[in-house]
Each structure stands twice: as C-alpha cells, then as structure tokens.
Amino acid sequence: ASTTQGIAHIGVGGFHRAHQAYYTDALMNTGAGLDWSICGVGLRAEDRKARDDLAGQDYLVTWDELGDTDDTAVRVIGAISDMLLAEDGAPALIDKLASPELRIVSLTITEGGYCIDDSNGEFMAHLPQIQHDLAHPES
C-alpha cells in the first residue's frame, strides 16, 4: 500500500516475473525504491486470464529458484501492483503510460509475438491480428 508505480510493463509473463519483477522487488524490499512498483499491461484478449489470476492473489507471485542443490530459494514477489488491459479501454491505458509518475515503459515480446513464419522467415502480414491493426490504427 505504500508503493507507487514507476514502471509499466507490457507482457507480464513468466520471463518478466522471474527477472524484472524479481529485481524490482529486491530493491523495494530494501526499503528504497518504493516508487518503482510495476503496473502490468496486457494488449491481447488472452491477457485477461493472467490479469484475473494476478488480481485474485493481490498481484503477488511466487518465485521458485530451480537448481540441483537443496539450498534453492522460494519467495513471494510483490513488485506488481496492478494490471491494465488494452481491451478494457485504450484511454485508461494511455493515461497510465503518460502519467508523470511512470519513468519506464518496458516490454517483453516472446517468439509468439514475432509473427514470423518459421519455414521461411517471412513476416505473416495475413494474420487476423495484423490485419486488424492495419485497419484500425487508432486502437
């Protein structure tokens, strides 16, 4: 409750949670950097489940270190404090991204977001989501 958001991160998947959220949480746990909390951003309809799951656990996630020894660590990451979905309204998302408190907008794009045909390396402009974006640049 004593944190404010300084980061908006697009693509709050496992990679983000295990890296950027982990390091942000480590900073915040020192008592410093409480103004670097993360607002997650989801751009795809599929991100609603992630947002709902995160909201259902107060945006807390478990970080579980994997290794071959018995001294691996498990900890709760509390750096994410909210998540906005683009499909819930672009104006709210734009307001968040433009807010003076935010100092970083970061993103994670995994191979699923590249839209590249693995067989020939060509961009797949025919995909429905690409065609939608081209037809609706305002959204």
Report the far tail of the P(r) of the chain, meaning the percent of Cα-Cα pairs longer than 25 Å. 36 percent
Would you mind working out the accessible area per residue for the stretch 47-139, using a 1.4 Å probe, and quoting it in Å²? 72 Å²
Search the structure for amide H atoms under 5 Å from the amide H of L85, placed 1.01 Å from N in the peptide plane, and list their residues when 5 or more places away or on another chain. G42
Amide H to amide H under 5 Å from I80: which residues, 5+ apart in sequence or cross-chain, H placed 1.01 Å off N in plane? I38
Taking Lys and Arg as +1 and Asp and Glu as -1, residues besides I94 with C-beta under 14 Å from its C-beta add up to -3
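Take the eigenvalues of the Cα gyration tensor for the stretch 100-139, scale each by 5, and report the square roots as semi-axes in whole Å, largest first. Could you put the intermediate results ahead of the total?
Working: eigenvalues 135, 58, 7 Å².
Output for the stretch 100-139: semi-axes of 26, 17, 6 Å.
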With a 1.4 Å probe and every protein chain kept in, tell me what percent of the accessible surface of the chain is carbon plus sulfur. 55 percent
Applied in sequence order to the stretch 38-55, the curve 6.51 cos²θ - 1.76 cosθ + 1.60 (Karplus, θ = phi - 60°) yields integer Hz couplings, x standing for Gly and Pro, of 9, 9, x, 10, x, 9, 10, 4, 5, 6, 4, 4, 4, 4, 5, 4, 5, 4
Taking the Cβ of V74 as the center, what net charge do the other residues with Cβ under 15 Å away carry, scoring Lys and Arg +1 and Asp and Glu -1? -3
Could you derive backbone 3J(HN,Hα) for the stretch 122-139 from the dihedral phi with the Karplus parameters 6.51, -1.76 and 1.60 (θ = phi - 60°), listing whole Hz in sequence and x where the residue is Gly or Pro? 8, 5, 9, 5, 7, 4, x, 5, 6, 4, 4, 4, 5, 7, 10, x, 6, 9
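Return the calculated 222 nm mean residue ellipticity for the chain, to the nearest 500 deg cm²/dmol, obtained by summing -39500 (n - 2.57) across DSSP H runs with n ≥ 4 and dividing by the residue count. The partial results should precede the final answer.
Values: 5 runs with 41 residues, N = 139.
Result for the chain: -8000 deg cm²/dmol, rounded to the nearest 500.
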Report the one residue of L60, V74, G42 whose Cα lies farthest in the direction of the positive end of the charge dipole of the stretch 42-95 (charges on C-beta: Lys and Arg +1, Asp and Glu -1; origin at the Cα centre). G42
Kindly write out, for the stretch 100-105 in residue order, the coupling ³J(HN,Hα) from the Karplus curve 6.51 cos²θ - 1.76 cosθ + 1.60 (θ = phi - 60°), rounded to whole Hz, with x marking Gly and Pro. x, 5, 6, 10, 9, 10
Cα principal axis extents for the stretch 64-129, largest first, Å: 49, 42, 21
Could you please report the charge total around S37, scoring K, R as +1 and D, E as -1 over all other residues with beta-carbon less than 12 angstrom from its beta-carbon? -3
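The values are calculated or read from the model by the stated rules, or taken from the named source; none is laboratory data. Just so it is clear, the model here is predicted, and its values are computed rather than measured. Heads up, the Cβs are rebuilt from the backbone with ideal geometry, glycines too, and the neighbour counts pull from every protein chain shown. These accessible areas exclude ligands, DNA and RNA; they are computed on the full protein's heavy atoms, side chains included. Shrake-Rupley method; radii C 1.70, N 1.55, O 1.52, S 1.80 Å.
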